[in-house]
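The values are calculated or read from the model by the stated rules, or taken from the named source; none is laboratory data. Just so we're clear, the structure is a prediction, and the values are computed from it rather than from any experiment. Cβ placement follows ideal geometry from the backbone for every residue including glycine, while neighbour counts extend to all protein chains displayed. Side chains are part of the model used for accessible areas, which takes the heavy atoms of the whole protein and leaves out ligands, DNA and RNA. Shrake-Rupley method; radii C 1.70, N 1.55, O 1.52, S 1.80 Å.
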Amino acid sequence: MLSKKEIYKQAYKELEHRRLQRQLKRNNNLKLASSICPEIKALSLNLSKTAIKLSKSILSNSANQSEAIRKIHEENIKAQSKINKLLIKNNLPPNFLSPPPICSKCEDFGFVDNKKCSCLIKLVKSILTKDLQKSSNFYVTSFKDFNLEYYPKEHDKKYGISPYEHMSNIFKICNKFADDFPNCSEGFVMCGLTGLGKTHLSLAIASEVMSKGFAVIYSTASEITRKMSDRYFHNKSNNEIDYLKLIVETDLFILDDLGTEFDSTFSKSAIFDIINSRIPLNRPTIINTNLSPRDLEKKYGERIVSRIFSTLNTLSFKGTDNRKHNTIKKLSIYYKHT
Ligand SMILES: Nc1ncnc2c1ncn2[C@@H]1O[C@H](COP(=O)(O)OP(=O)(O)O)[C@@H](O)[C@H]1O
Ligand SMILES: [Mg+2]
Ligand SMILES: [Zn+2]
């Protein structure tokens, strides 16, 4: 994981990149506008000269300094308005020579009145989130790759519906959750045996939510407990990054494979502290587990588990292990090539 110094170094580099891109765009647009209308070039050149005149006049401290500044300012406004008219006449947008910054508050410098701008804080959070993702098994899946044909279509007497129909409903619910995010439900507990697509569907949600610009942290329960018992995670004096706060406040948190982590009182309370802290913040959480509700109760206690089940919607995955389809797919590709 990155240190605070490295995180800020990356953030400042990104801000510098944004300013540079803006400068490049400005230069390119000026070239283009000048080739269409040479008068624009002359006027822009004059504008940059008046900027130099202005700073000289400020430094001169002469008796008629304010009069000189007023004159330069007037000249400036005139030239600017002439340029604007010429831009419009040549069918170019009025801000063509001054493309807007990504953040208008700080003009992509990251600070306003010596205080960190909200864009810098957002940037730091997104670098931290990516850093956490890098150290997890996060991989990209999509709703498009989710094959409902894998689920048996035979009517299941026990459930009164076929696994195919049941999973089609779950698929729709997950799609809607991603579409509605962040105005969606509090999240899900995805239960069911291994290989039924719980991780696949939750990461498909993650991809959609991330493409809308929201932050997602994905972690397996064992990873998170390992990280939380790590000195690095807690030693704030060393790196001053509060990873726990970052997880609690992230837009969507996906906790995969609950129940497979090393059993300890510490890990149990740490995990559920995160989940519980997110509820009043209205931050959705998705929990995946291969354990049945009864096994979860045995492991974590009835009180904790019933609170989770009463807050998050339960999605019980049904079917037979889908990993066999992937093996068949891989084999057929292999045979095609031999
Ligand atoms: N319905 C499905 N369509 C396409 N691939 C699937 C489907 N269900 C599972 N898989 C694939 O099978 C493997 C195991 O699925 P996974 O989502 O990890 O299951 P689970 O988390 O329920 O144990 C993954 O490679 C996943 O992409
Ligand atoms: Mg899984
Ligand atoms: Zn800003």
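Values for this structure:
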item	result
Charge dipole (the chain, unit charges on Cβ, about Cα centre) - positive-most of Ser264, Ala11, Gln23	Gln23
Of Phe96, Phe317, Phe272, the one that fluctuates the most in a GNM where the chain has Cα springs shorter than 10 Å	Phe96
Rough spin-label spacing in nm, given labels placed 7 Å along Cα→Cβ, for Ser60 and Ser222	7.6 nm
GNM top mover of Gly160, Gly197, Gly319 - the chain, alpha-carbon springs below 10 Å	Gly160
Diffusion constant of the range 135-332 at 25 °C, which comes from Stokes-Einstein with the Kirkwood Cα-pair radius and 0.890 mPa s, µm²/s	139 µm²/s
The chain: Cys lacking any partner C-beta under 4.7 angstrom	Cys37, Cys174, Cys184, Cys191
Local electrostatic count, Lys157, Cβ distance below 15 Å [Lys/Arg +1, Asp/Glu -1]	0
Inter-part distance where the range 24-86 and the range 103-137 are each reduced to a Cα centre, Å	34 Å
Proximal lysines to Lys268, defined as alpha-carbon separation beneath 20 angstrom and excluding residues fewer than eight positions away on the same chain	Lys227, Lys245, Lys298, Lys299
Residue-averaged [θ]222 nm for the chain, counting only DSSP H segments that reach four residues, each worth -39500 (n - 2.57)	-19500 deg cm²/dmol
Heavy-atom accessible surface of the chain: percent carbon and sulfur, 1.4 Å	55 percent
Kirkwood estimate for the range 4-114, i.e. one over the average of 1/r between Cα atoms, Å	16.3 Å
Estimated distance in nm for a label pair at Ser277 and Lys49, the labels positioned 7 Å out from Cα along Cα-to-Cβ	6.2 nm
Rg in Å to one decimal, and Dmax rounded to a whole Å, for the range 105-238 via C-alpha atoms	19.7, 68
DSSP H segments from the chain that extend 15 Å or more along their own axis, Cα-based, with Kyte-Doolittle mean of 0.0 or above	38-60, 118-134, 198-211, 265-278
3J(HN,Hα) from dihedral phi, the range 141-149, Karplus parametrisation 6.51/-1.76/1.60, rounded to Hz, x for glycine, proline	10, 9, 4, 4, 7, 7, 9, 6, 5
Cut-off under 5 Å, modelled amide H: who pairs with Ile161 long-range	Asp156
log10 of Debye I(q)/I(0), alpha-carbon scatterers only, for the chain at 0.06, 0.10, 0.15 Å⁻¹	-0.38, -0.78, -1.24
Considering only the chain, percent of DSSP beta bridges that pair antiparallel, nearest 5	15 percent
Förster radius 30 Å - calculated FRET efficiency between Phe309 and Ser126 (Cβ-Cβ, nearest 0.05)	0.40
For Tyr300, net neighbour charge (Lys/Arg +1, Asp/Glu -1) across residues whose Cβ lies under 12 Å away	+1
Positive-pole candidate from Ser66, Met167, Asn147, dipole of the chain, charges at beta carbon	Ser66
Electrostatic dipole magnitude of the chain [Cβ: Lys, Arg +1; Asp, Glu -1; Cα centre; debye, to 20]	1360 debye
